[in-house]
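The values are calculated or read from the model by the stated rules, or taken from the named source; none is laboratory data. These figures come from a predicted structure and were not determined experimentally. Here the Cβ is made from the backbone with ideal geometry for all residues, glycine too, and neighbour counts use every protein chain on show.
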Amino acid sequence: MNEEPTKNLSGRKSFEERVFARFDAFDARFDAVDSRFDTVDARLKKLEARAYDTKPIWERALAQIMETGLEIGEIKKNVGVIQTKVGVIETKVAVIETEVAKVKTEVAEVKVEVAGMKTGYAGIRNELTDVRRELRHDIKQTLDLILKFLLEDRQDIRDVEDKIRELETKLA
């Protein structure tokens, strides 16, 4: 082994100085990371505060959405009732049409009988006049009944349309 002491390299710091410089660099880095964590923590606190501020708004919105859903269910139920009523009216109109067709057939048969008969023309004519009056009266009553049902259903339809418009404005 050589007995010469190790030379000090020019401009180099001692080992201890270099280790302490390294520790200082680590401390600086940890300080930077620590300040970044503080910034993130502050931002997180702000976000949490905002979440608590908007919670009542979301709860009200959810309640309104649920209320709207219930109202739509009610409207669907009403529309179903209206559809049922319209179906009943259609059935009644079909019955009326059948009755009118029967009356027309009877009138045609009476006309044939009248044409075949030369005697008793005045009596048959009076009978036809009576049948006509009864037919007009029956048709008028039936049409009044149909008109009544249609007006009731039209009012129900208007009410449902108003409710739908109201719900659409609430949703908008």
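In the range 43-78, the residue that is surrounded by the most Cβ atoms within 10 Å (Cβ to Cβ) out of those that are among the β-branched types (Val, Ile, Thr) and more than 20 Å from Arg154 (Cα to Cα) is Thr68. Would you mind finding the one in Val95, Val81 that is surrounded by 10 or more Cβ atoms within 10 Å (Cβ to Cβ), part of a helix (DSSP H, G or I) and touching a residue at least 24 places away in the same chain (Cβ under 8 Å)? Being surrounded by 10 or more Cβ atoms within 10 Å (Cβ to Cβ), part of a helix (DSSP H, G or I) and touching a residue at least 24 places away in the same chain (Cβ under 8 Å) holds for just one of Val95, Val81, which is Val81.
Output yes when any residue across the range 100-116 is within 42 Å of the chain's Cα centre (by Cα) and part of a helix (DSSP H, G or I), and no when none is. No. Tell me, yes or no, whether the range 2-14 has at least one residue that is loosely packed, with under 10 Cβ neighbours inside 10 Å, in a helix (DSSP H, G or I) and at pLDDT 85 or above. Looking for residues that are loosely packed, with under 10 Cβ neighbours inside 10 Å, in a helix (DSSP H, G or I) and at pLDDT 85 or above, one finds none in the range 2-14, hence no.
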